[in-house]
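Heads up, the thing below is written out as structure tokens.
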Amino acid sequence: MTHSSSRPDDGPSAGFDPASLSPAALIEFAGRQRWFAGRSERIAGADFEPVEAPIGGAELGELVVHVEGGEAQRYFLPLCPAGEGAAAYSLDAGPAGGLLADAARDPAFCAAVVAFLVRGEGEGGALLARRSRAAADRLAAVAAVPAADIKVLSGEQSNTSVGIGRLGILKFYRRLRDGEQPELEVTEFLTEQTGFTGAPALYGSLELRRADGSHAAVAALFERVANRGDAWAVVVDDIVAELSGGAQSAERFDVGRTLGRRTGEMHAGLATRTGNAAFDPEPLDAASLQRIVDEARFEAGAALDVLAREAERSPELKGEIDRLLAARAAIDAWFAGFSAGEVGGWRTRIHGDYHLGQVLVSGEDAVILDFEGEPGRPLPERRAKTSPLRDVAGMLRSFDYAAFAARDRLGEDGERVRDAADIWRDRTSAEFLKAWEAASGVPLTAESNLRLLDLFVLQKAFYELRYEAAMRPAWLSIPLRGIVSLLEKRQVVR
């Protein structure tokens with residue numbers, strides 16, 4: 001990608017004073033935004049730190065939320081005059097500033113950001129624009145989309161995504177994390193260095209550069225891919241139709257084979273050697289394996305501690321819970337049984353948070369999204385190389401959840417429906433693994449790889465067990481039964 005720094009000449013809007021944004025107003029505003037991650041924290045204060053690089057007349061800044069006993073949380077917050085219907089995304093800037101709104105939701109501001117990526121105005125300043133060489137012509141086409149065709153997408157969570165007509169998706173990273181953003185790194189690598197076509201191309205990005213030398217990604221522009229929804233929604237619909245004996249869709253998505261192939265191609269692309277130390281594969285050596293095993297053992301132990309407190313609250317699961325708790329020592333011994341002699345294969349960059357919700361269904365094909373990694377982990381952990389089998393395990397667990405969600409939607413828990421859902425899950429998982437192995441070149445015939453895959457599946461399921469116990473107890477049976485089934489196969493639970 002090419003780079004340019006910029007600081008436009010136009011100054012702050014008349015009457016705007018960052019000091020006029022009271023801490024109380026900023027905290028109240030943050031509490032109404034879905035991207036705010038500090039709701040469970042004790043907030044000590046907040047302020048707005050201007051970014052000296054306004055775009056399209058907006059006032060760019062960082063919303064800094066001070067947390068008692070912890071590090072301050074920083075959020076990207078561009079501001080513009082509030083228009084009609086912006087009440088949910090507006091805040092009071094005082095008598096001089098008036099009512100301001102989140103400019104990330106303003107079509108004119110988004111159009112200005114895209115134009116900025118194309119132009120790369122001037123020298124110096126706080127924002128660094130990075131533009132794709134491989135997709136320069138497509139970037140120019142996105143910049144020609146009129147503001148009337150720019151709309152915020154539904155389903156906003158930790159970021160804000162904006163549709164730029166049918167051509168682009170402009171994504172604002174609201175919580176600012178200092179360092180390299182994995183999604184930008186990985187998508188740029190796949191776009192510029194490999195032939196992988198199963199992910200939206202990265203057209204450009206904006207990075208905030210502070211005076212103290214720290215930096216954080218604030219926005220990225222991606223290719224927009226025509227699709228009929230994410231794979232979670234499409235697959236659950238298909239399972240429901242299959243289990244209920246209803247009419248099958250003419251566009252039925254062959255999730256096992258298609259997603260297995262695309263996932264394998266993604267991992268093959270991420271294993272491409274280019275001389276880039278951040279991406280070149282490294283051996284999965286004994287030290288690397290030990291770190292993987294230690295992390296999985298910790299996750300299992302923490303989950304079993306939670307499970308011991310769940311037995312009374314979930315009497316219908318008491319049999320499985322008791323079996324698992326009785327096998328605690330055997331489970332720990334199974335993890336500890338991994339030895340250096342089983343080491344093989346390579347560590348590469350991976351997706352890091354892989355499940356059906358991270359995939360779009362485009363016709364009969366699959367398009368993989370969101371290479372940020374697990375949002376709760378620090379950036380260095382999300383950027384770390386590991387076995388691609390971790391991604392494979394995440395998708396296998398997602399198939400299990402999809403089968404359960406289909407049963408849940410049908411409102412049936414009879415033996416016939418359960419058996420049919422299990423058959424779908426097992427068949428789809430087998431098709432996925434076969435297609436992934438062929439496309440990735442990683443042999444699953446090797447016992448060491450199969451055991452490592454089991455480890456990642458167990459680690460993911462133990463993580464899910466803790467999550468479901470805390471957030472969604474009605475779904476606790478999904479990871480619990482998955483864990484018991486796998487450990488039975490490995491003769492750890494009898």
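Every read-out reported here was derived from the displayed coordinates using simple, explicitly stated rules and does not represent laboratory data. The structure displayed is predicted, hence computed values, not measured ones. FYI the Cβ positions are ideal-geometry reconstructions off the backbone, even for glycines, and counts take in every protein chain you see.
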The chain - charge dipole about Cα centre, Lys and Arg +1 at Cβ, Asp and Glu -1, debye rounded to 20:
780 debye
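Specify whether the C-alpha gyration tensor of the chain places it in the rounded, prolate or oblate class, a ≥ b ≥ c being the square roots of the eigenvalues: rounded for a/c under 1.5, otherwise prolate if a/b is larger than b/c and oblate if not. It would help to have the intermediate numbers written out before the result.
On the way: a/c = 1.76, a/b = 1.61, b/c = 1.10.
Verdict is prolate for the chain.
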Residues whose modelled amide H sits under 5 Å from the amide H of ALA46, counting only those 5 or more places away in sequence or on another chain, are HIS66
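Quick one: order LEU325, LEU190 by neighbouring beta-carbon count within 10 Å, fewest to most. Intermediate results must be reported in sequence, preceding the final value.
Numbers: LEU325 14, LEU190 25.
Placing the least packed residue first, the sequence is LEU325, LEU190.
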Sequence-distant residues sharing a close amide H with TRP346 (under 5 Å, placed H)
LEU284
Computed over the stretch 110-191: relative contact order in percent, which uses C-alpha pairs under 8 Å that are six or more apart:
23 percent
Roughly what angle does helix 389-410 make with the longest principal axis of the chain, taking Cα atoms, 0 to 90 degrees, to the nearest 10?
80 degrees
The stretch 349-393: which GluC sites (Glu not before Pro) are DSSP loop and have at most 10 other beta-carbon atoms within 10 angstrom?
GLU364
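Pairs LYS151/LYS460; LYS385/LYS489; LYS151/LYS385; LYS171/LYS434; LYS318/LYS489: which are spaced more than 25 Å apart, C-alpha to C-alpha?
From the list (LYS151/LYS460; LYS385/LYS489; LYS151/LYS385; LYS171/LYS434; LYS318/LYS489), the Cα-Cα distance tops 25 Å for LYS151/LYS460; LYS385/LYS489; LYS151/LYS385; LYS171/LYS434.
Divide by every residue of the chain the summed helix terms, -39500 (n - 2.57) for each DSSP H run of at least 4, and state the resulting mean residue ellipticity at 222 nm, rounded to the nearest 500 deg cm²/dmol.
Working: 15 runs with 208 residues, N = 494.
Per the formula, -13500 deg cm²/dmol.
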Compute the acute angle (0 to 90°) between the alpha-carbon long axis of helix 182-193 and the principal axis of greatest extent of the alpha-carbon atoms of the chain; round to the nearest 10°.
90 degrees
How high is the relative contact order of the chain, in percent, counting Cα pairs under 8 Å that sit 6 or more residues apart?
14 percent
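Could you size up the charge dipole of the stretch 41-118 around its Cα centre, putting +1 on the beta carbon of Lys and Arg and -1 on that of Asp and Glu, and report it in debye to the nearest 20?
Numbers: 3 positive and 12 negative charges, 37 e Å.
Using Cβ point charges on Lys, Arg, Asp and Glu, the stretch 41-118 gives about 180 debye.
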Out of the trypsin sites (Lys or Arg not before Pro) in the stretch 39-74, which ones are loop residues according to DSSP with at most 11 other C-beta atoms within 10 Å?
ARG39, ARG42
Cα shape, the stretch 231-489, gyration tensor, a/c 1.5 rule
oblate
Formal net charge of residues neighbouring PRO18 (Cβ-Cβ distance under 10 Å; K, R +1; D, E -1)
-4
How far is helix 477-489 tilted off the main Cα axis of the chain, in degrees rounded to 10, range 0 to 90?
50 degrees
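Using a ≥ b ≥ c from the Cα gyration tensor of the stretch 355-494 (square roots of the eigenvalues), is it rounded, prolate or oblate, where a/c under 1.5 gives rounded and otherwise the larger of a/b and b/c decides, a/b for prolate? Provide the component values of the computation, followed by the final result.
Details: a/c = 1.27, a/b = 1.25, b/c = 1.02.
Cα axes put the stretch 355-494 in the rounded bin.
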